[in-house]
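The values are calculated or read from the model by the stated rules, or taken from the named source; none is laboratory data. Since the model is a prediction, treat every value here as computed from it, not as a measurement. No Cβ is skipped: glycine too gets one built from the backbone with ideal geometry, and neighbour counts run over all protein chains shown. What goes into the accessible areas is simple: the full protein's heavy atoms, side chains included, and nothing from ligands, DNA or RNA. Shrake-Rupley method; radii C 1.70, N 1.55, O 1.52, S 1.80 Å.
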Amino acid sequence: MAKKLLELPTVDERLQSIGIIMDGNGRWAKKRMLPRSAGHVAGAKIIQKILEDLRAMGVHHVTLYAFSTENWKRPKEEVDGLMELIYKYLDEVVIEKIKTDKDFSMCFLGDKSVLSEKLRSKCIEIENMAKNRPFVCNLALNYGGRDEIVHAVNAAIAEGCNPVTAEDISRHLYTANSPDPDLIIRTGGDLRVSNFLIWQGAYSELYVTDTLWPDFNREEIVKAVNEFYKRKRRFGALDPEDAGD
Ligand code: IPE
Ligand code: IPE
Ligand code: MG
């Protein structure tokens with residue numbers, strides 16, 4: 001008998017924006033004695049399912065870390081394969097999705113200028129196809145938090161801001177149109193943020209699972225969300241029940 005799919009909980013306004021560090025594709029492949037590229041293919045395959053589940057739960061912004069500014073240090077063969085895979089995912093899956101689902105849109109975070117002409121124009125095409133839709137997936141591609149902050153500070157200076165304020169920086173980040181992530185999930189078990197949303201994630205709840213990205217699934221999402229709702233977010237203040245003691 002087929003296993004019954006776990007029912008999805010519904011989230012509220014406390015959990016509207018989620019960031020995901022999709023890590024562990026290489027280890028997933030290694031465990032199966034497959035090339036790293038097979039792990040990336042398996043990882044790309046599950047993205048849409050995860051996005052659908054998050055959206056069905058009532059999440060409106062999902063930011064996926066697809067390729068960091070530091071990932072260029074990998075062997076050329078792996079980088080080329082990843083870029084080709086990302087192009088394929090955008091061209092075959094995302095374009096179709098935006099055409100058929102009027103609630104779905106995608107934006108790209110990161111400096112597009114160093115991407116290939118083919119990939120860059122695909123990203124721009126996708127961004128122009130759909131704007132202001134209820135569900136936004138931000139794909140962080142050639143993205144680095146430090147690079148983003150430097151870019152934002154320079155943009156603020158060019159605009160004439162003097163001194164530059166935190167508000168000015170936020171306004172010029174690649175994520176200017178998305179709320180800060182309430183929750184950042186990292187698969188693959190490493191306890192670090194690897195330059196992901198370092199400004200926006202200042203007060204995000206962090207959830208790390210040992211599960212490798214290609215194995216991430218609905219059960220894992222439910223676990224992460226349940227864990228989020230157990231956390232007390234204080235933002236540096238006191239819990240109301242402790243104030244006035
Ligand atoms: C994440 O998986 C994908 C990218 C960084 C592009 P990895 O390729 O980092 O997989 P591991 O961490 O080596 O297992
Ligand atoms: C983070 O994973 C980047 C992405 C998931 C795209 P990495 O595998 O690059 O991170 P490190 O090198 O282990 O910190
Ligand atoms: Mg990794």
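Given the residues Y143, Y229, Y207, which is the only one that is of a type in the set (S, T, Y) and in contact with a helix residue (DSSP H, G or I) (Cβ under 7 Å, 6 or more places away or on another chain)?
Only one candidate passes the filter, namely Y207.
Quick one: in region 30-54, of everything that is near ligand 1 (Cβ under 8 Å from one of its atoms) and open to solvent by less than 70 Å² (accessible area, probe 1.4 Å), which residue is nearest to the chain's Cα centre (by Cα)? Within region 30-54, the match that is nearest to the chain's Cα centre (by Cα) is G43.
In region 226-244, is there at least one residue being more than 20 Å from the chain's Cα centre (by Cα), modelled with pLDDT under 95 and at positive phi? Yes, some residue in region 226-244 is more than 20 Å from the chain's Cα centre (by Cα), modelled with pLDDT under 95 and at positive phi. Scanning region 21-36 for residues that are more than 11 Å from ligand 3 (Cβ to nearest atom) and either under 11 Å from D215 (Cβ atoms) or among the basic types (K, R) (or both) turns up K30, K31, R32.
Only residues that are under 17 Å from the mean Cα position of the chain (by Cα), within 13 Å of ligand 2 (Cβ to nearest atom) and β-branched (V, I, T) were counted across region 55-87, and they come to 3. Residues in region 1-29 that are open to solvent by 50 Å² or more (accessible area, probe 1.4 Å) and free of Cβ contacts under 8 Å to residues at least 40 places away in the same chain: M1, A2, K3, K4, E7, E13. When restricted to residues that are away from ligand 1 (no atom under 16 Å from the Cβ) and part of a loop (DSSP other than H, G, I, E, B), region 1-29 contains 16.
Can you find a residue that is within 19 Å of L54 (Cβ to Cβ), open to solvent by 10 Å² or more (accessible area, probe 1.4 Å) and either polar (S, T, N, Q) or in a loop (DSSP other than H, G, I, E, B) (or both) anywhere in region 110-118? No - not one qualifying residue is present in region 110-118.
Can you say whether D182 is of a type in the set (D, E), away from ligand 3 (no atom under 16 Å from the Cβ), farther than 24 Å from A42 by Cα and in contact with a helix residue (DSSP H, G or I) (Cβ under 8 Å, 6 or more places away or on another chain), as far as the supplied structure shows?
On the way: of a type in the set (D, E): yes; away from ligand 3 (no atom under 16 Å from the Cβ): yes; farther than 24 Å from A42 by Cα: yes; in contact with a helix residue (DSSP H, G or I) (Cβ under 8 Å, 6 or more places away or on another chain): yes.
For D182, the condition - of a type in the set (D, E), away from ligand 3 (no atom under 16 Å from the Cβ), farther than 24 Å from A42 by Cα and in contact with a helix residue (DSSP H, G or I) (Cβ under 8 Å, 6 or more places away or on another chain) - is met.
Residue count for region 58-88 under the criterion of being crowded, with 17+ Cβ neighbours inside 10 Å, out of contact with any strand residue (DSSP E or B) (no Cβ under 9 Å at 6 or more places or on another chain) and of a type in the set (F, W, Y): the result is 0.
Residues in region 57-85 that are touching a residue at least 40 places away in the same chain (Cβ under 8 Å) and more than 11 Å from ligand 1 (Cβ to nearest atom): M57, G58, V59, H60, H61, V62, T63, T69.
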